[in-house]
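The values are calculated or read from the model by the stated rules, or taken from the named source; none is laboratory data. A quick note: this is a predicted structure, and the numbers were derived from the prediction, not measured. Cβ coordinates were reconstructed from backbone atoms using ideal geometry, including for glycine residues, and neighbour counts include every protein chain displayed. For the accessible areas, the whole protein counts, side chains as well, though only heavy atoms, and no ligand, DNA or RNA atoms are used. Shrake-Rupley method; radii C 1.70, N 1.55, O 1.52, S 1.80 Å.
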Amino acid sequence: MELTAGHVWLMVAAALVLFMTPGLAFFYGGMTRAKAALNMMMMSFISIGMVGVVWVLWGASMSSGEGFMQMVGNPFATFGLEGIDTPDGLIKVGYAATFAIITVALISGAIADRAKFGAWTVFVPVWVTLVYCPLAYMVWGGGLFGPEGAIGQALGPAIDFAGGTVVHINAGVAALILVLIIGNRKGFGKDPNHRPHNIPFVMLGAAILWFGWFGFNGGAATTAEQGGLIWVNTLAAPAAAMLGWLITERIRDGHPTSLGAASGVVAGLVAITPACANVSPVGALGLGLIAGAASALAVGLKFRWGFDDSLDVVGVHLVSGIIGTVALGFIALPADGVGGGLFYGGGLTQLWAQLAAAGIAIAYSAVMTALIALAIHKTMGFRVSQEQEVVGVDLSLHAETAYEFGVGGHGGSFTPLHELITGKAQSEAVAAPSAGPVDATSNGKKTAAAGKESVEA
């Protein structure tokens, strides 16, 4: 079979979505402290590596095909992609893989500055296998929420065109659970150095995310009319959300911020994701405006309620994901003149379906993430030591720093200091810059202090 324009577009869309994860790395990397920027970016990049392998071996099989109790596919049905021989089968597998990659990468922002990289590399494949794949199957693979599923039959199929429940609600709930288990950063809510260290990186990351989101939402378009509607809605909602966030900041704080603009864009993109093919452009504007303002207000709740969602994953992805999913019960356009949301005369049917999808996704993600995270936390430990956190996870976990800050900062590997911080034996003494000699038996405390001065953001 010849390569069609549809095949080419889906491959381009998959590349756009894959590019979103490095964009997320810049977005998150700029929002964290300078001494944790590389670790934050690595958490996104390792997600590509881990999920890419999982998806080829069993992830794709678990998210489609014959399922178990309408909840998950058989991991061995097409293990290693064996038997996927339709003309566009592998293209669709690749496209689906990019969604799984960015979903788990989104979670990482909530635990910035304090998570063990090794624990994260264990969490990623286990979470994708036990949480993401089943939810993807329930919504998109013919499971519970599909037209033939038990909930779909009882309440009507839930609408989630590109991932409001599967991606954003799922990731937002998982982020909240991890924060509650791992705990807050040292100085949370008090230390001014927890502010973003590189706003241009944040803006660049937001731009890449918006660019890639046209593939995220538009890759599954089946007609030119649908593709055009998705494209316009993916422009309109984040544009309105950015304005909604900035207006909220202006009223609440007295000034709009660049960080608010970037965050507003992402909130609007999250909200339009499930609804991109099912609302009018005017509906997308209203949805974006509400999501931007709501997320701007929601991110402040972490200080009031005392949970350290470092980079606002809960406030943006969970809140706007719920708004976009539930809003379809009100503003979904009728399909072929029938159905639709409450505002289009469709009654409450679609609203109940959307509420059920959101509620079950929240419950499932919360329970399963808690089981996975607790198992890791109680065995290998999910959090770095306080000393490693103070000196910075870039240096203590990767032996690198993102920037050169005088003689104490090094952009490449710096093994001696890394070994002192982690308490490894040294073959020779290492002098700490401007802090006098450091004895290896000190477990790196003096060196850690020097490192703190040099890489503190």
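Database remark: amide H of Gly67 closer than 5 angstrom to no amide H (H placed geometrically; neighbours at sequence offset of 5 or more, or on other chains; Pro and chain starts carry no H).
Rounded to the nearest Hz, the phi-derived 3J(HN,Hα) couplings of the range 346-363 under the Karplus curve 6.51 cos²θ - 1.76 cosθ + 1.60 (θ = phi - 60°) are x, x, 9, 4, 5, 5, 4, 5, 5, 5, 5, 4, 5, x, 5, 4, 4, 5, where x marks glycine and proline. For the chain, the longest principal axis of the C-alpha atoms and the axis of helix 445-455 are separated by about 60°.
Shown for the chain: the carbon plus sulfur share of the solvent-accessible area, taken with all protein chains present and a 1.4 angstrom probe, equals 68%.
Fully extending the segment from Ala5 to Asn74, taken as 0.36 nm per residue of separation minus the present Cα-Cα distance, adds 21.7 nm.
For the pair Asp191 and Thr223, a Förster radius of 60 Å applied to the C-beta separation gives a FRET efficiency near 0.70, rounded to the nearest 0.05. With distances taken between every two different alpha-carbon atoms, the range 211-258 has a Kirkwood hydrodynamic radius of 12.2 Å. Projected label points at Arg250 and Leu348, each 7 Å from Cα along the beta carbon direction, are separated by 3.9 nanometres. Note on His398 and Ala15: with the Förster distance fixed at 22 Å, the Cβ-Cβ geometry gives a FRET efficiency of about 0.20. If you plug each phi of the range 118-124 into the Karplus form 6.51 cos²θ - 1.76 cosθ + 1.60 with θ = phi - 60°, what whole-Hz ³J(HN,Hα) values come out, in order, with x for Gly and Pro? Couplings: x, 5, 5, 5, 7, 4, 4 Hz. For Ala115, the residues 5 or more places off, or on other chains, whose built amide H falls under 5 Å of its own are Val384. Among Gly143, Ile169, Thr379, whose Cα projects farthest towards the positive end of the dipole of the chain, with charges put on the beta-carbon of Lys, Arg (+1) and Asp, Glu (-1)? Final value for the positive-end residue is Thr379. Placing R0 at 30 angstrom, the Cβ-Cβ distance between Met380 and Leu297 gives a FRET efficiency of 0.20 after rounding to 0.05. Counting only alpha carbon atoms, the long axis of helix 258-272 and the longest principal axis of the chain meet at about 30°.
Seen from a random direction on average, the alpha-carbon convex hull of the range 149-292 projects onto 11.1 square nanometres.
The simple spin-label model puts a point 7 Å past each Cα toward its Cβ; for Asp336 and Ala363 those points are separated by 3.2 nm.
With the alpha-carbon atoms of the range 28-167 aligned to their principal axes, the span from lowest to highest coordinate is 50, 35, 24 Å, starting with the largest.
For the chain, the longest principal axis of the alpha carbon atoms and the long axis of helix 224-253 meet at an angle near 50°.
Of the residues Gly73, Phe123, Thr86, the one whose Cα sits farthest towards the positive end of the charge dipole of the range 66-128 is Phe123 (charges of +1 on Lys and Arg Cβ, -1 on Asp and Glu Cβ, taken about the Cα centre).
Within the range 163-221, the proportion of C-alpha pairs whose separation exceeds 14 Å stands at 74%.
Across the range 309-414, the convex hull enclosing all Cα atoms gives 163 Å³ per residue.
In the structure shown, the pairs Lys35/Lys116; Lys116/Lys190; Lys302/Lys378; Lys35/Lys302; Lys190/Lys378; Lys116/Lys186 are assessed against 19 Å; a Cα-Cα span above that value is assigned to Lys116/Lys190; Lys302/Lys378; Lys35/Lys302; Lys190/Lys378.
In the context of the full set of protein chains, the chain has a per residue accessible area of 40 Å² (1.4 Å probe).
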